[in-house]
Amino acid sequence: MSVSLTHEAVPSRAEAAVSVEIQQLEKRAIFKVWAAAALPMAALAWLVAPVLADRFAGDGHIPLAKALIVSLAIGMVWQFVLVMTLVRREQGTLRWSTVREALWLRSPRSPRSGRSGGRVWLIVIPLIIAFTAEMIAGGGGVGAALMFAQRFFQTPTVFVYILVMLATGLVLDLVMLRLRHWLIPWDDEAV
């Protein structure tokens, strides 16, 4: 006996995913969750890190930087535990399918074709290169020239550099809108 299934009879991955209901918290509960996530981080950064700085080796601010990295890493572990506790309490389980849906850990899909947008990741590489170039050549550029002109009260030069930065920002905005339209063609706002 053979059974043929039509395209409509086969559920898509999105439909086959676990149904997760996310409840809206009241203002008081939102404040409690915020406090549970933010206040330990503040205490670790402002109270614990300065105390730990004496235990690390280095000159100048190096021990404090090391203490901050360790303290904030501990704080991020706390935030992970807090999120998992909240998901477990709200959803009743920590299965990956439930956690993925509750935390919206899904790749974006086109509503027209159902295809997952892989081209979106192509923008990450140029952004990493641009960020690295800015960090390497941070001593020069328009920003440094503007600060130099401002320090010596060269007002016309300051205005020219501000206009150059404004024009650069407008051009980059247009480029990013074009990239967005190319990378996410199904997005209504990208048109």
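What follows is calculated from the coordinates using simple rules that are stated; it is not laboratory data. All values derive from a computational prediction rather than experimental measurement. With ideal geometry, Cβ positions are generated from the backbone for all residues, glycine too; neighbour counts draw on all protein chains shown.
Which residues does a label at ALA35 reach in region 65-96, if reach means a backbone N under 18 Å from a point 7 Å past the Cα toward the Cβ? Residues 79, 82-83, 86 fall inside that zone.
The order of ASP59, ASP54, going from fewest to most other C-beta atoms within 10 Å of their C-beta, is ASP59, ASP54.
Fewest to most neighbouring Cβ within 10 Å: what's the order for SER97, SER19, SER71?
Numbers: SER97 12, SER19 7, SER71 23.
Fewest-to-most Cβ neighbours within 10 Å comes out as SER19, SER97, SER71.
Kindly give Rg over Rh for region 15-85, based on alpha-carbon atoms, with the Kirkwood expression for the hydrodynamic radius. List each step's numbers first, then the result.
On the way: Rg = 17.4 Å, Rh = 14.3 Å.
Looking at region 15-85, the ratio lands at 1.21.
Applying 1/(1 + (r/R0)^6) with r as the Cβ-Cβ distance of LEU174 and PHE152 and R0 = 35 angstrom yields a FRET efficiency of 0.55.
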